[in-house]
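Structure first, then comments.
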Amino acid sequence: ANLLLARAVQRRREIAVRLALGVDRPRLLQQLITESMLVASFGGVVGLAVAQWGGGAIRALFLRAEDAGVVLADPRTLFFAFATTLAVALLTGVAPSMYALREDVSGALKVGAREGTFRRSPLRTGLLVFQGALSVLLLVGAGLFVRSLQHVRDLRLGYDADSLVYFDVNLRSVSMGKPEIVALNERLTRAA
């Protein structure tokens, strides 16, 4: 969001030139939203790929028996990623676009040599502070998570868990009497 906002501020002159040449504001707004959708979609796909790869790496390090994919195993994850990407694309596309489109065209064209200088926006400053705080929070949380997983992996349970087999038989839809169920459980125990 912060990068798209900074890009919109730097594109003020370009947008002013387009508006001066007669481009419709709705058409320009549509183009800016489409650009932000493409950037956010690329970010969403890269995020899903990193989540898939990172989840596999964590499972390989800490959970030896797990083999299912993190992202593709649950459609709710894909839906959440899609919804988040769409929301971010709309917010980061509409907010800077409205800022750029409401600006005075003649004032933006007069900027000339002062094009690189602009006043500091409180929204940009707030986004930078929020981004830094969130990054620190996520790094600390990830470090604590990895440390906790290492502690759980090294935890001695008091027995050898490698030779244990746990299974559960669901007999709800089977019509068997109590003695038959006990006999089945004994046969399964001996077979295991």
Region 128-192 - accessible surface per residue (Å², probe 1.4 Å): 94
Among 54-60, 146-152, 31-37, the order from most to least packed when residues are scored by Cβ within 10 Å on average: 31-37, 54-60, 146-152
Carbon plus sulfur fraction of accessible area for region 130-192, probe 1.4 Å, in percent: 61
Ranked packing of 180-190, 42-52, most packed first, by mean Cβ within 10 Å: 42-52, 180-190
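The values are calculated or read from the model by the stated rules, or taken from the named source; none is laboratory data. Model, not experiment: these values are computed from the prediction. Please note: Cβ atoms are built from the backbone with ideal geometry, for glycine as well, and neighbour counts cover all protein chains shown. Accessible surface areas use protein heavy atoms only, side chains included; no ligands, DNA or RNA. Shrake-Rupley method; radii C 1.70, N 1.55, O 1.52, S 1.80 Å.
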